1. Any idea which of 190, 222, 142 is furthest toward the positive side of the dipole for the chain, if Lys and Arg beta-carbons carry +1 and Asp and Glu beta-carbons -1?
2. Could you work out the relative contact order of the range 124-196, using alpha carbon pairs under 8 angstrom and six or more residues apart, expressed as a whole percent?
3. Remind me, relative contact order of the range 149-273 in percent, using alpha carbon pairs under 8 angstrom and six or more residues apart?
4. Expressed as an acute angle from 0 to 90° and rounded to the nearest 10, what is the orientation of the C-alpha long axis of helix 272-291 relative to the principal long axis of the chain?
5. Kindly flag which residue pairs out of 112/223; 201/223; 19/223; 30/191 have an alpha-carbon separation exceeding 26 Å in this structure.
6. What list of ³J(HN,Hα) values in whole Hz, one per residue of the range 259-270 in order, does the Karplus curve 6.51 cos²θ - 1.76 cosθ + 1.60 (θ = phi - 60°) give from phi, with Gly and Pro shown as x?
7. Rounded to the nearest 500 deg cm²/dmol, what is the calculated helix-only ellipticity per residue at 222 nm for the chain, with -39500 (n - 2.57) per DSSP H run of length n ≥ 4?
8. For the range 247-252, take each phi angle, set θ = phi - 60°, evaluate the Karplus expression 6.51 cos²θ - 1.76 cosθ + 1.60, and give the result in whole Hz per residue in order, putting x for glycine and proline.
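Throughout, read-outs are computed from the coordinates displayed, never taken from laboratory work. On a predicted model such as this, the values are computed, not experimentally measured, just so you know. All Cβ positions, glycine included, derive from the backbone under ideal geometry; neighbour counts span all protein chains shown.
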Amino acid sequence: MAPVLDCGPLMAARILDGKSLAAQVRSALKKEVEALSQRGIRPGLAVILAGDNPASRVYVRNKVRACEETGVRSDLYELPATVSEAALLDRVLALNDDSAVHGILVQLPLPKQIDPHRVLETIAPAKDVDGFHEANLGALVAGEPRMVACTPAGVMRLLEHAGVALGGAHAVVIGRSNIVGKPLALLLLQKDATVTICHSKSGGLGALARSADVLVAAVGRPKLVTGDMVKPGACVIDVGVNRLSDGSLCGDVDFAAAAAVAGSITPVPGGVGPMTIAMLLENCVRAARAMR
Ligand code: NAD
């Protein structure tokens, strides 16, 4: 029985608990990593962190810790904020050739002298565990996904686990970034949802959102989605992570108001975030399995 948060008398929605699902995924992966390691293949992730963006540092630390807990080897390459593009590309090329490295992750954003597109396109597609390389994005567009971006993959796993019906459902994705909105829209389309993508220039956002059976917010604006933008019984997925002035985390959805109307909803924190890391590990293990 899924937990139901006590948010007052109106609270109706089922909570989609990403933390607990991610723990299940990680525990299954841990067993697979053990089995692979016994056959002499220890999955390995190389993480490149350039510069000293504090948020990036936290994200990288969480990813490295998750690797350790799952038995995936992680090598962290910390480069100064002044690193040249050529030096960073050289590092990526060396990791492409290293057979002990199955996944390469370059933490974004990069220092301004470096073109992120050039860096991401240099990663070997088979080691592109973030799924950002054009070869992997193209495979997704063609309906033959290989490495899929971790946050969209995590959202799909949550929906699948919750038994949310997607065939013929209207899915509205707010946000069109290459790392969340666009790939997620394609994955939903592949599951036969009718997909609408909204962005900063979209008019009538409220009405569009209200027509959604599955509503995804991936914008980066606290409480952009209000209760009156949610169709009764809809599934609401909140990808947003926003730090408020009091230091607390908040999603893009007004959780209490939306939960009073929705059929199911992800919390922030504890919803999509943990699934993103679980999918990163899964991509890494899959890459190791494919390269053996
Ligand atoms: P982004 O800035 O690249 O894209 C934001 C998108 O929102 C853009 O497409 C923009 O057009 C759209 N947008 C902006 N204002 C809007 C408005 N008023 N109405 C409708 N659309 C609007 O951001 P991103 O990288 O896709 O991340 C989005 C959010 O998701 C951020 O809060 C980020 O921190 C979070 N995020 C969370 C995870 C996770 O693991 N939980 C992973 C990645 C991103």
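1. 190
2. Value for the range 124-196: 30 percent.
3. Numbers: 271 pairs, mean separation 27.3, N = 125.
So the answer I get is 22 percent.
4. Taking the Cα atoms of the chain, the angle to 272-291 is about 40 degrees.
5. From 112/223; 201/223; 19/223; 30/191, over 26 Å: 112/223; 30/191.
6. For the range 259-270, the Karplus curve yields 5, 6, 10, 5, x, 8, 7, 8, x, 10, x, x Hz.
7. On the way: 10 runs with 119 residues, N = 292.
Result for the chain, helices only: -12500 deg cm²/dmol.
8. In residue order, the calculated couplings are x, 7, 9, 9, x, 8 Hz.
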